[in-house]
1. Restricted to segment 50-73, and to residues that are more than 14 Å from the chain's Cα centre (by Cα) and assigned to a loop (DSSP other than H, G, I, E, B), which residue is surrounded by the fewest Cβ atoms within 10 Å (Cβ to Cβ)?
2. From (1) in a loop (DSSP other than H, G, I, E, B); (2) at pLDDT below 75, pick out the condition that doesn't hold for residue 239.
3. Test residue 7 against the stated conditions and say whether it is assigned to a strand (DSSP E or B) and over 21 Å from residue 215 (Cα atoms).
4. Has segment 21-42 got at least one residue that is in the same structural domain as residue 116 (by TED's automatic domain parsing), free of Cβ contacts under 8 Å to residues at least 24 places away in the same chain, within 16 Å of residue 83 (Cβ to Cβ) and not in a helix (DSSP H, G or I)?
5. Within segment 74-175, which helices (runs of 4 or more DSSP H) (wholly inside it) include 3 or more residues that are modelled with pLDDT of 75 or more and touching a strand residue (DSSP E or B) at 6+ places or on another chain (Cβ under 7 Å)?
6. How about segment 43-65: which of its residues are out of contact with any strand residue (DSSP E or B) (no Cβ under 9 Å at 6 or more places or on another chain) and within 14 Å of residue 16 (Cα to Cα)?
């Protein structure tokens, strides 16, 4: 066992949970970065950062709610300072594609003086099985304020793949951004979250991320997982067989 731990922030989320699972069987000590862990870690409470970073050699930065949120770069800068002072040697930032605020966060990490890696990700396939799109998908339709842009998350063909894999009819419905924002308010989504989601759909989904990168191939030495494979594997778990009542 190494003498230093790896801090995984967002340890109970989509990416953090998987990273913790993969590291747990290795030679590194893993520290869960979540409010329920001991010591607790919360992005909104800088007072929790020092204890969580004590004895840590590397940190995975998964910011909540999203790097695109206003003022996030200042928070990441403050976290990097605490991490550096605590003796952290390496930072891995989960970033976005085409988001100005995410780019600012990348620049903060790159200028930290520490070893660093930036992972630029678009929308995750698991949003359809673990995120907020699961419930409407079970009801038979996915309603979003986005058209036919080159973004994996909103590709209508990907939605159809879920229908084929699950044996259910899934419709994609495009709505105006104003109607989508109103629907978020009606379902009691917190105002700050609704504002962030509205920003992402109105500003980022304009085709700026239509180009396909080769980061997964270069990092892992293999092709990225095809969405159809994800859909088949998820359908086999039964995640899409129930219906919303």
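1. 71
2. (2)
3. yes
4. yes
5. Correct list: 100-110.
6. 65 - this is the single residue of segment 43-65 that is out of contact with any strand residue (DSSP E or B) (no Cβ under 9 Å at 6 or more places or on another chain) and within 14 Å of residue 16 (Cα to Cα).
The values are calculated or read from the model by the stated rules, or taken from the named source; none is laboratory data. All figures in this text were calculated on a predicted structure; none of them were measured in a lab. Every residue, glycine as well, gets a Cβ built from its backbone with ideal geometry; the counts of neighbours run over all protein chains shown.
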